[in-house]
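As structure tokens, the structure follows; a few thoughts come after it.
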Amino acid sequence: MNGRRLILALSILVLALILVHDAVLGLLTAGLFREKYNQDAFGYARMSARPVAEAYERYYRSGYYKFRELIGDVMAMNRDLERLALIDVNGAVLFDSREFAAGQAPPPAPPLPPQLLAAVKDLSPTCRIAEGPDGRSVLDIIVPYVEEWGRHRYSVRYQIRYRSWGDVRSEFWTRLAAAGLISFLLGAALAVLLARRLGNGRPPAAAEGDAQP
């Protein structure tokens, strides 16, 4: 094998190893990224459900601008929040954050599906992957607001888009690709040096016309 073929073979081998390494690393870490994102979103929902319900009771009818300010502060804590709603245990939507954009209360929502109604009535938070209005996946979280003595009248529903997780994932793949390119270039340079050393150490060919024993 001549020097050029050796360099090409070693370069292809290095590239193949890098691609396999990056693919395996990406598959192993994708689930971890998503799990961490889900945990953060679930923690945000559990932490903010009480302020949402209390702001509704105090200011929704008697001080709407104050209510809007408080809910805006809550929503700003998670930039991936698409929608927030307060629902009573009978399934009636008391507040929907879409009314902030529309400037008025949206039309009455259709009855909740049995699965969602059961989650609203449940005393434990629920979390599931649902399909948003545009067909993309959202994290649908329902957290009960439990008052003193265990009274449960409302639940808060959050729909959170996987926007930040997608940004983190894209940044991760970009850095992984950059690291792979650097590794490939270093591997190719080492392959060239190795091929040259092997070429320099090759014994010289017998000169034409040398006497044979």
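Throughout, read-outs are computed from the coordinates displayed, never taken from laboratory work. These numbers come from a predicted model, not from an experiment. Because the Cβ atoms are built from the backbone with ideal geometry, glycine has one as well, and the counts that use them run over all protein chains shown.
Here are some notes:
- Efficiency of FRET between Asp40 and Leu186 - r from beta-carbon atoms, R0 30 angstrom, step 0.05: 0.25
- Computed from the C-beta positions of Asp122 and Leu19, the FRET efficiency with R₀ = 35 Å rounds to 0.15.
- Relative contact order computed over segment 43-161 (Cα-Cα under 8 Å; 6+ residues apart), in percent: 28 percent
- Tensor-based shape of segment 43-161 (alpha-carbon gyration tensor, a/c under 1.5 rounded, otherwise prolate or oblate): rounded
- Modelled FRET efficiency - R0 35 Å, Glu147 with Arg98, Cβ distances, 0.05 increments: 0.85
- When Arg34, Arg61 are arranged by Cβ crowding within 10 Å, least crowded first, meaning fewest neighbours, the order is Arg61, Arg34.
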